[in-house]
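The values are calculated or read from the model by the stated rules, or taken from the named source; none is laboratory data. Since the model is a prediction, treat every value here as computed from it, not as a measurement. A quick note on method: Cβ atoms are made from the backbone with ideal geometry, for glycine too, and the neighbour counts reach across all protein chains shown.
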Amino acid sequence: MDFDLSEEQRLLQDSARKLVSRHIRPQLDSHDRERPLPKEVVLGILQLFAREGLTAPRVPIEAGGSGMQMVDYGVVFEQLPPVIAHALIAHEVTITRIHAESEEEKWRRHLPDLIAGRKICCTATTEPDTGSDPRGVKTRAREEGDELVIDGRKMWITNASISDVVVVTCSAGNAADGRALRRILVDRAVSPYETREIDRLGSRQGHVGEILFENCRVPRENALGRSDDAPRVLTTTWNGSRPLLGLMAVHMAQRAFDAALAYAGIRRQFGRLIGSTQLVQENLVDMATAIETSRLLCYKALAEIDAGRRANALAAMSKRYATTACLEAVSLAMSVHGAMGFSAELGLEELYRDARMLLVPDGTHEIQTLIVGRELTGIAAFRA
């Protein structure tokens, strides 16, 4: 059992940190932190990632991806600013799904522009009244000649407003059954759809929005996989994404902890450094413990995936634990700073808002609990 990073992983980590400090952080700092980044900025960052093999890490080399181990991808991913990490994961997991659900001719036609970062993609599953149960989607796809016609509304879709391509989870059944899921690739230039940005608590430099499909006509050949493939592909890719979302929380908690530790060493109250008091030290210990345990659990889940083992429970556990523990760690960092912890200038309140957003994507905290419970007992509590 070895908890040390290999020399290659340390190089990956260092390279990611340099990429962020030289190219990504300046872009974030030069734009309004309360407004979504311009699309051209996101495209430029994706093209930087493309050169590092990060836009298709889960796709094999022979298909144009980088075929990275998930642990190695996690080492890089943890270093990325969360708002950029969220855009990247929405993009790359969609690429992964297109590759997994289509034959070679199809993915060779669609993937090159996406992998190179010339186009932005996303996955649209969640709806206004359907989130944790994708089998309940109401967006319909009906066949008309050589076309599929999509009608429906998707919400809380990362990259929605700046997307060029979206993979839509639809029901191909009728109103009575509504169970036959199928996933369809929609190219916005060929089959236009409407989008709207959603005003929200956190991730305000990112893009989280709503998509409206109204009589959206798509070539029939854009259907991906078989109708019974959709739940399996969603589950396997969610298993890889959940620990990565946990590492986004770790990134935020680490930044908050570093700020709190430094502040505890310079701030004085009652004639002494606050870092010398038992209560502040307890806060720092709790934060450090949350970060360490969250990081280890996320990397263990990624290692299980690399080993080819069933990771449903660990993936859900890692996201559930890391997002809640690290949210609490950011809150404790705010407490260490006192009133300054609430100031926009310091930036901890932004980290807190961003961290709170992570409890929902790719399965809410409650759904992660039920997934782990099902894996432990063999009994599903959320579907009869």
Wholly within segment 1-118, helices (runs of 4 or more DSSP H) carrying at least 1 residues that are closer than 19 Å to residue 245 by Cβ and in contact (Cβ under 8 Å) with a residue 12 or more places away in the chain: 7-19, 39-51, 70-77, 82-101
Considering each residue of segment 84-114, count those that are of a type in the set (Asp, Glu) and in contact with a strand residue (DSSP E or B) (Cβ under 6 Å, 6 or more places away or on another chain), and give that number. 1
Pick out the one residue from 200, 255, 204, 217 that is touching a Ser or Thr at 6+ places or on another chain (Cβ under 8 Å) and touching a residue at least 24 places away in the same chain (Cβ under 8 Å). 217
Qualifying positions in segment 27-43 - under 29 Å from residue 113 (Cβ atoms) and surrounded by 11 or more Cβ atoms within 10 Å (Cβ to Cβ): 27, 28, 31, 36, 37, 38, 39, 41, 42, 43
For the subset of segment 268-292 comprising residues that are within 24 Å of residue 323 (Cα to Cα) and touching a residue at least 40 places away in the same chain (Cβ under 8 Å), which member is nearest to the chain's Cα centre (by Cα)? 291
Index of the failed condition, residue 336 passing every other in (1) more than 30 Å from residue 123 (Cβ to Cβ); (2) modelled with pLDDT under 95; (3) of a type in the set (Val, Ile, Thr): (2)
